[in-house]
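The values are calculated or read from the model by the stated rules, or taken from the named source; none is laboratory data. Since the model is a prediction, treat every value here as computed from it, not as a measurement. Using ideal geometry, Cβ is built from the backbone for each residue, glycine included, and neighbour counts are taken over all protein chains shown. Quick note on the areas: whole protein, heavy atoms, side chains included, nothing else; ligands and nucleic acids left out. Shrake-Rupley method; radii C 1.70, N 1.55, O 1.52, S 1.80 Å.
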Protein chains: 4
Amino acid sequence: MSTNRVMRAVRLEAPGRPFTLRAVAVPEPGPGMVRLRIGACGICRTELHLRDGGLDLGCRDFTVGHEIAGIIDALGDGVDPRRLGEKAVVYYYQGCGTCHHCRMGETHLCPAPLAQPGFTSDGGYAEYIAVPATHAVPLPGDADLAEAAPLGCAGSTAVHACRMAGIVPGEWIVVNGAGGVGLAVVQVARAAGARVVSVGRGAERLALAREMGAEAVIDAAHEDVGARIRAVTGEGADVVFELVGTEATMRIATAALRRKGRLVLIGYTADSYTVHPVELIVRELKIMGSVGATLQDLHDAVTLFSRGLLRMPVARRLALEEFATGLALTEKGGISGRIVLMPQIAP
Amino acid sequence: MSTNRVMRAVRLEAPGRPFTLRAVAVPEPGPGMVRLRIGACGICRTELHLRDGGLDLGCRDFTVGHEIAGIIDALGDGVDPRRLGEKAVVYYYQGCGTCHHCRMGETHLCPAPLAQPGFTSDGGYAEYIAVPATHAVPLPGDADLAEAAPLGCAGSTAVHACRMAGIVPGEWIVVNGAGGVGLAVVQVARAAGARVVSVGRGAERLALAREMGAEAVIDAAHEDVGARIRAVTGEGADVVFELVGTEATMRIATAALRRKGRLVLIGYTADSYTVHPVELIVRELKIMGSVGATLQDLHDAVTLFSRGLLRMPVARRLALEEFATGLALTEKGGISGRIVLMPQIAP
Amino acid sequence: MSTNRVMRAVRLEAPGRPFTLRAVAVPEPGPGMVRLRIGACGICRTELHLRDGGLDLGCRDFTVGHEIAGIIDALGDGVDPRRLGEKAVVYYYQGCGTCHHCRMGETHLCPAPLAQPGFTSDGGYAEYIAVPATHAVPLPGDADLAEAAPLGCAGSTAVHACRMAGIVPGEWIVVNGAGGVGLAVVQVARAAGARVVSVGRGAERLALAREMGAEAVIDAAHEDVGARIRAVTGEGADVVFELVGTEATMRIATAALRRKGRLVLIGYTADSYTVHPVELIVRELKIMGSVGATLQDLHDAVTLFSRGLLRMPVARRLALEEFATGLALTEKGGISGRIVLMPQIAP
Amino acid sequence: MSTNRVMRAVRLEAPGRPFTLRAVAVPEPGPGMVRLRIGACGICRTELHLRDGGLDLGCRDFTVGHEIAGIIDALGDGVDPRRLGEKAVVYYYQGCGTCHHCRMGETHLCPAPLAQPGFTSDGGYAEYIAVPATHAVPLPGDADLAEAAPLGCAGSTAVHACRMAGIVPGEWIVVNGAGGVGLAVVQVARAAGARVVSVGRGAERLALAREMGAEAVIDAAHEDVGARIRAVTGEGADVVFELVGTEATMRIATAALRRKGRLVLIGYTADSYTVHPVELIVRELKIMGSVGATLQDLHDAVTLFSRGLLRMPVARRLALEEFATGLALTEKGGISGRIVLMPQIAP
Ligand SMILES: [Zn+2]
Ligand SMILES: [Zn+2]
Ligand SMILES: [Zn+2]
Ligand SMILES: [Zn+2]
Ligand SMILES: [Zn+2]
Ligand SMILES: [Zn+2]
Ligand SMILES: [Zn+2]
Ligand SMILES: [Zn+2]
């Protein structure tokens, strides 16, 4: 199955240096692996951190991009031949397989991962990728690959965070932040029977949040967020998902929780979180961090996507060569929807 | 059943003023209530805060003391006559009965409690008290009332905190603080199949912790607590119960948690808790507050006590008249065991 | 507050004898109680069993009826005066308050209940009833009392059974039986994010099930239920709620479960359940019984009702004097919706 | 790494035919696999069923035996070289890796397992075995391999069943059956803080149960089991683990459960289980099957074994050539402890 074919790929050569588009060898799938002809790869803010050197996992000279969807076009030994031609989205945590977390199906917490496409090994800003067959999660045959690609990161992260929160149907859920992950959390919480309040900035974004299931919206630019949460929920929020993560938003979020309320921190930011223990104690609050997703979470995200309950809107579809434009637009922000690179379209 | 009998009682007349021993009417049990002839009432640090005005719930002129055990000597209408003569310990949260928390059996979180003996209504530094029959939790017939009294506060608080933590048998539990509640947590966690590390100060206290089930002990006065926790547990603690609550101990506790670890805050202190969200996120940590206990928790504490698995050592047994001595000793600290007032012994 | 007023009430005088309409004293609410002027009382199959002597809890000469909604028209001592004029539905388990189950908020499992209106004490086929204030669960001001009354039995039973089943959003739920409780389960499971298959008899009933959220329906009269469940769900049902309870339906239900599936038995019937342990073992199935509801379940049912997510259709509204007609129609069956007695309408 | 070495192995050639000792090739570990030099393999009743044809999974001509412990003596590609020389016990479920159950860490429920040593592929009545590195669970360096081997089946099965039962510390647990799995359940439940009643036959066996942590024992040969359970537990058992599985024992077990009690079926037997739904409903009982164990369960069993909390007594240590003697003794029953084949001792 060996070839000498080459493909285009966007590479991180050294942190703090602009990515470069280069020709590299098309990967061949080893035993138990599949190769995907990539149809779409979402651009995530994480790529900005890799480019700027803010996130440096010690690896060099690899293809970036971790929100990857494509069509299986080659199989390694031992893989079910029926998988050829299947659409799939990539689960990007490849755990050690032996630690406590891998055994429990919490691969995203493995302290010694074997590979993480787009972070420490070749990712999805390219024409092809090879991954373990188990990590190519089947998509429905009619899936739009551009819409499906962000399931691999934003979508599954939302499923995981909602599971961590232990949402009970009928609970009041506040989602602070109406970007890609925030809107996904709105939808997943809604699908779990929760009543959702979306907090964001700008009428357009909040209209989208409503469309995706938010029962109430709060414009953080013009409203007193804490007061409005209390007005809408009555006794306070059961859960606040915090995706903005400034000192102010976390303080307001904590104050807005009802007794037994939970604050779920998802987004990375620079600010610290400070609270007086008494505030957590007298109302028996919980503060918890949520990172990434399990393989099962991604399967669940795909199921919600297939049922039309988790939509991942795409703002722009760019050619691979336009990666710099995509990164610049992502950095600028203010766009409703994911920017997606599509290696098979012409620039 | 009305009488004009009087009894001795230690009263809070105004916050910030010394308590006074006075004669007040012996209470009569109303419908559904029982009267206890008090055998013992523990002295808790909370009484110091009430006396000093640091804790002021707005109530005046009531009997203090909330760790109460005695013998039922009078019954209100509708109470099972077999309860006369029964030994019992008092559950001191009297909820509204209608709110979400009362319905769920979480009376300690009721936002509108009807009464709280020793905090907002007459408590246990006295010869008698009347409480709802359901709030007089039966003790075994051979119970030492001085040892049983602290179950109503320290013992049940420990049961509750362990339940909140969701201890899994075999997990490594660190208890930071080896006072009354701390030693109770050691025992309850041990009874739940956990492996317990006790952190405290002084050889005597730590020897007691070992005797009560700690598999390892750390002397916070002479050892690097964080390093020792990692050495003993291998991958870090599954749960840290924080009873010291200084900025430094909470920081060390957070760092000592393994992935999926939980920090349970119990003790009130002046310091704030500061953490960077990333630290909670990448290891998916949980920080949670625990306050007081449910009625079921107290029943469970009594069961553990009856089985010899939860011992509440008594350091000194004082007459009611010696309450000031008891408070002074409690304030001074450094005593291994509860100081208990016993209204039926002579000063 | 004492009066000599009398009211009409339908009484069980002895099991196996027809109920009789009689004049009895209007009840006065004792301390902590409220009196409801009854607006509606649903007719439940249980009344047929009481009348026929099939259900005999040893009590005689009391008013039957346990699905009770009305307006609070008198308050006992100690009840919040703002409750006067409030619409409410009755929670009919009055527990002992001291047992393990009462402490845990599982009043419906109390082995020594103080009273059970309509079963062992005066119920709702009458003009008035007095119940503990906590047991009169507030309804929204615009609630139709005829629609709200069945929440006290069928609605809360459905909430409870769904909670027992531990429904995970996205799971396939089969509800075998499309009567009052069955349709309530369909709605509650739907509100919890489940995908629901309703199994019943007749196009009209199944159309109603679809309208209430069933994603698929199976006509037990004309289809192979087991085969259809497998066809719809793919790997089998995650949960089957069994409300028919014949030997055949329970066997089919067990076979239709996927690995880790749960069979929840709700309806009382004559047939036994037989299964080979190996069938439960190799797929790790769970069989569980669910009876009645907690006070919290009824509050949750009311909340779902208020949000329009739990509708309890009323087939016929009859005067109190028409109780025999109502019972006969209930016995005959085949009616889509509850038959409700309304003491304030003329026959 | 290829050799032409041969080894002794006990083979199933066809169901219903006696096993035969033959020379077969020593296996070589493929990529990601390890080879164990087998120190001990327990004899399980399952082997009797394989031999007699009662259990026929469709496979022929393979080495039997699934309770396997040994020392790693060869590594396939990609395995951590530090594992050479490590003692390990084998996890014998090799799942498909892609199904819902494999993703959740419930490999034992995989509907399409790749291999099951001793059941469908070469097992442990032999000198060597090759398994995936993740399936060779590390033992402490001083482990007695004969005692450790049964962890792979009886020990981990007990851990799994206890986890399924959701044991709460302090609950009353009845273990019906005092064979290998039964005694393991006694110990695991004890380590989880439960109060354990062991039901078995014969003074010797019950003395062993007491030694392993049973607080009470019942001799099924001479006592009324149901009456004794009620006498010991007061309100009935919280959990009964059923390992005998006759119609009579299952009926008694169900009746002995308190409200909210759980019956966990583990052992395969011929009898059916029959119950009237009302019995499950009015006490809200749960009946559940438990089969095998997850990889994490085996790790937990090894941890308990290492801590001295889970002892697997060995009754007889036989040479591989004595397999027929071992099977005959196992079939005869009545022996306190496992019979273990040790390929490295002389017959
Ligand atoms: Zn991303
Ligand atoms: Zn790992
Ligand atoms: Zn309350
Ligand atoms: Zn206290
Ligand atoms: Zn009760
Ligand atoms: Zn009913
Ligand atoms: Zn076995
Ligand atoms: Zn599988």
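Structure data summary
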read-out	value
A:GLU331 accessible area, 1.4 Å probe, all protein chains in place, Å² to nearest 10	90
Cα centroid of the stretch B:162-204 to Cα centroid of the stretch D:227-256, whole Å	33
Inter-label distance, nm, simple model (7 Å from Cα along the C-beta direction), C:ALA319/A:ALA203	5.8
Rounded percent of accessible protein surface that carbon and sulfur make up, the protein assembly as shown, 1.4 Å probe	53
Local electrostatic count at D:THR233 - Lys and Arg +1, Asp and Glu -1, tallied over other residues with Cβ under 15 Å	+3
Space enclosed by the convex hull of the alpha-carbon atoms of the stretch A:62-108, per residue, Å³	131
Long-range amide H partners of B:VAL34 with built H, under 5 Å	B:GLY76, B:VAL131, B:ALA133
Modelled FRET efficiency - R0 35 Å, A:ALA23 with A:ASP142, Cβ distances, 0.05 increments	0.60
Lys, Arg +1 and Asp, Glu -1 on Cβ, resulting dipole of the stretch A:1-98 about Cα centre, debye, nearest 20	260
When each of C:LYS87/D:LYS260; C:LYS286/C:LYS332; A:LYS260/B:LYS286; C:LYS260/D:LYS87; A:LYS87/C:LYS260 is checked by Cα-Cα distance, pairs over 23 Å	C:LYS87/D:LYS260; C:LYS286/C:LYS332; C:LYS260/D:LYS87; A:LYS87/C:LYS260
Cα centroid of the stretch A:21-74 to Cα centroid of the stretch A:264-297, whole Å	30
Local electrostatic count, B:PRO31, Cβ distance below 12 Å [Lys/Arg +1, Asp/Glu -1]	-3
Global form of the stretch A:26-133, assessed from the alpha-carbon gyration tensor, a/c cut-off 1.5	oblate
Residue mean of other protein chain beta carbons inside 10 Å, D:160-171	3
Solvent exposure ordering (accessible area, 1.4 Å, most first) of C:SER198, A:SER121	A:SER121, C:SER198
Label geometry 7 Å along the beta-carbon vector: D:PRO138 inter-copy distances in nm	3.7, 5.1, 5.9
Solvent-accessible surface (1.4 angstrom probe) belonging to C:TRP172, in square angstrom, nearest 10	30
Net charge over other residues, Cβ less than 14 angstrom from the Cβ of C:GLY54 (K, R count +1; D, E count -1)	-1
Rg and Dmax [Cα atoms of the protein assembly as shown; Å; Rg one decimal, Dmax integer]	33.1, 104
A versus D: buried accessible surface, summed, Å² (probe 1.4 Å, to nearest 100)	1000
Candidate residues D:GLU284, D:GLU171: accessible-area rank, largest first, probe 1.4 Å	D:GLU171, D:GLU284
By accessible area with a 1.4 Å probe, ligands and nucleic acids excluded, highest first: order of D:ASP52, B:ASP144	D:ASP52, B:ASP144
Accessible area of D:ARG205 in the full protein assembly, 1.4 Å probe (Å², nearest 10)	40
Alpha-carbon gyration tensor eigenvalues x 5, square-rooted, for chain D, Å	36, 21, 19
Surface accessible to a 1.4 Å probe, per residue, for the residues of the protein assembly as shown, Å²	36
